[in-house]
Amino acid sequence: MSPNRTPLSELATRWGDALDEELPAARELRRELHAAPCVSGQEHPARARLLAALDTSIPFEEIADAGAVGRVGPVDGPSIAVRAELDALPVTEQTGAPFAASDGAMHACGHDVHQAAVVALLRAAARVELPLGLVGLLQPREESYPSGALEMVEAGVIDRFGIAHVIGAHVHPGVRRGAVASGGGFINAAADEIEILVSGRGGHGAYPHDANDVVAAVAHIAIGIPEVVRRSVSPLRPALISIGTLTAGEGAANVLPAEARIFATMRTTDPEDRVTLFEAVREMAERTAQAYGTTAQVTRIDGEPALINDVSLASGTDDWLALLGVDGAEPLRSLGADDFSYFCDAVPSLMLFVGVETAGRDPQPALHHPRFLPDDDAVDLVARALMAGYLAAAERVLGIEHHRGDQGVLG
Ligand SMILES: [Zn+2]
């Protein structure tokens with residue numbers, strides 16, 4: 001061990017060795033979990049299997065209906081948490097893998113890999129002496145509402161377990177295989193929904209002068225929305241509104257409907273834009289409706305906040321990834337959403353993306369695709385990414401000064 005390495009280097013080596021011993025079982029566990037997917041809200045069997053794999057020496061308690069939380073290492077003082085999502089998707093698997101699911105549900109987002117990695121990491125951690133507690137967050141309902149992450153935060157998990165930072169790692173085919181992307185700042189967008197109801201006086205299509213034209217009003221509102229985005233959010237900050245549903249009328253050609261509806265998703269990356277953009281849309285919709293003699297009722301349905309990675313956790317984790325012999329990658333930012341952002345909102349946290357490939361498939365299937373299937377090595381890489389995050393977070397909590405630079409790779 002060279003003297004310029006951080007005080008946690010020895011721990012990293014011992015923990016990494018313990019992890020190596022856990023990996024064969026973790027890979028098997030991953031296949032077992034993959035074969036038995038549980039969709040959102042029905043993750044109780046997955047939780048039971050994970051708790052059995054974690055063994056009874058690590059005390060876990062149930063939380064957020066189908067979730068669980070437990071702590072390894074020192075029982076008092078601040079801790080660092082790692083998150084694994086428990087849910088699969090209502091997708092019919094087409095991977096052809098010997099351990100493929102066959103019941104119309106599928107781990108098409110790689111959560112089976114995350115679960116096995118967290119089990120391996122916690123089991124390995126129980127065999128070494130950690131300077132700070134390591135909390136496992138087994139989170140239900142990532143893929144649907146109500147958010148499992150929000151429920152865990154609202155249940156007081158952060159305070160009760162003294163969580164100073166949360167680390168998440170998600171497999172992703174958009175990152176080079178074997179590499180891990182971190183990156184401080186915005187990673188995912190806030191995802192809210194906007195509903196616009198336009199109302200007026202319906203009537204006969206041949207007598208438009210005796211009625212209101214809600215179709216014309218809603219059409220102008222729809223094409224006005226991109227202009228509102230362009231005019232109210234700085235072009236240097238990503239934001240968008242996409243209309244997923246636009247309805248008016250009930251099938252007749254000659255009836256002017258009395259109501260029309262727009263249902264859209266609004267994605268923003270800055271908390272202020274989240275407020276000002278919605279207000280600008282509301283104003284435009286109300287005034288446009290008014291210009292057609294109609295009224296617009298505009299509602300915002302709140303979704304996840306933006307996922308903002310802590311800058312110093314990201315750079316510290318990059319250093320630890322290098323020390324653990326894992327390649328870094330460019331940050332993966334998008335206007336997608338992940339409810340991990342509720343943890344980021346509660347404490348400075350970090351979401352990592354782990355590069356995986358589906359063997360022999362070109363182009364690579366995306367997340368949620370029926371052929372998405374990272375290989376077993378992904379379990380190892382996700383576990384090491386989470387370990388790097390823990391080490392960086394622990395350095396920060398313990399006030400260990402970290403010097404960037406070429407420190408070689410831990411043996
Ligand atoms: Zn996912």
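The values are calculated or read from the model by the stated rules, or taken from the named source; none is laboratory data. None of the values given here were measured: they were computed from a predicted structure. Cβ coordinates were reconstructed from backbone atoms using ideal geometry, including for glycine residues, and neighbour counts include every protein chain displayed. When the accessible area is computed, the model is the full protein with side chains, heavy atoms only, and any ligands, DNA or RNA have been set aside. Shrake-Rupley method; radii C 1.70, N 1.55, O 1.52, S 1.80 Å.
Apart from one condition, Val397 fits all of (1) in a loop (DSSP other than H, G, I, E, B); (2) open to solvent by 10 Å² or more (accessible area, probe 1.4 Å); (3) closer than 24 Å to Met152 by Cα; the exception is (1). Selection of the stretch 332-376 for residues being assigned to a loop (DSSP other than H, G, I, E, B), within 18 Å of Asp310 (Cβ to Cβ) and either within 15 Å of the ligand (Cβ to nearest atom) or touching a Ser or Thr at 6+ places or on another chain (Cβ under 7 Å) (or both) yields Leu332, Asp338, Asp339, Phe340.
Can you find, within the stretch 194-245, the residue that is nearest to Leu256 (Cα to Cα) among those that are under 34 Å from the mean Cα position of the chain (by Cα) and of a type in the set (D, E, K, R)? Out of the qualifying residues, it is Glu195. Criterion first (part of a loop (DSSP other than H, G, I, E, B) and away from the ligand (no atom under 13 Å from the Cβ)) does Glu142 satisfy it? Answer is no for this residue. If I filter the stretch 366-383 for residues that are small (Gly, Ala, Ser) and in contact with a strand residue (DSSP E or B) (Cβ under 9 Å, 6 or more places away or on another chain), do I get at least one hit? Checked the stretch 366-383: at least one residue is small (Gly, Ala, Ser) and in contact with a strand residue (DSSP E or B) (Cβ under 9 Å, 6 or more places away or on another chain).
So for the stretch 29-40 (the condition being in the same structural domain as Ala97 (by TED's automatic domain parsing) and closer than 25 Å to Asp159 by Cα), does at least one residue qualify? Explain how you work it out, then say what you get.
To start, the set of residues in the stretch 29-40 that are in the same structural domain as Ala97 (by TED's automatic domain parsing) comprises 29-40.
So of that shortlist, the ones also closer than 25 Å to Asp159 by Cα come out as none.
Among the residues of the stretch 29-40, not one is in the same structural domain as Ala97 (by TED's automatic domain parsing) and closer than 25 Å to Asp159 by Cα, which makes the answer no.
Exactly one residue out of Ile225, Ile167 is in a strand (DSSP E or B) and crowded, with 21+ Cβ neighbours inside 10 Å: that is Ile167. Here Arg176 fulfils each of the conditions (1) more than 16 Å from the ligand (Cβ to nearest atom); (2) more than 30 Å from Thr295 (Cβ to Cβ); (3) not in a loop (DSSP other than H, G, I, E, B) apart from (3).
For the stretch 357-365, state whether one or more residues are open to solvent by less than 50 Å² (accessible area, probe 1.4 Å) and over 21 Å from Trp15 (Cβ atoms).
yes
Checking the conditions here, which among Ala264, Ala280, Ala296, Ala260 is part of a helix (DSSP H, G or I) and small (Gly, Ala, Ser)? Residue meeting the stated conditions: Ala280. Does Thr288 fit the bill of being open to solvent by less than 40 Å² (accessible area, probe 1.4 Å), among the β-branched types (Val, Ile, Thr) and more than 30 Å from Glu154 (Cα to Cα)? The answer is yes for Thr288.
Filtering the stretch 145-156 to residues that are touching a strand residue (DSSP E or B) at 6+ places or on another chain (Cβ under 8 Å) and either closer than 28 Å to Leu367 by Cα or buried (at least 24 other Cβ atoms within 10 Å of the Cβ) (or both) leaves Gly148, Ala149, Glu151, Met152. When Ser334 is tested against (1) within 16 Å of Met387 (Cα to Cα); (2) open to solvent by 20 Å² or more (accessible area, probe 1.4 Å); (3) among the hydroxyl-bearing types (Ser, Thr, Tyr), just one condition goes unmet, and that condition is (1). If the condition is being hydrophobic (A, V, I, L, M, F, W, C) and surrounded by fewer than 18 Cβ atoms within 10 Å (Cβ to Cβ), then the stretch 122-134 contributes only Ala126.
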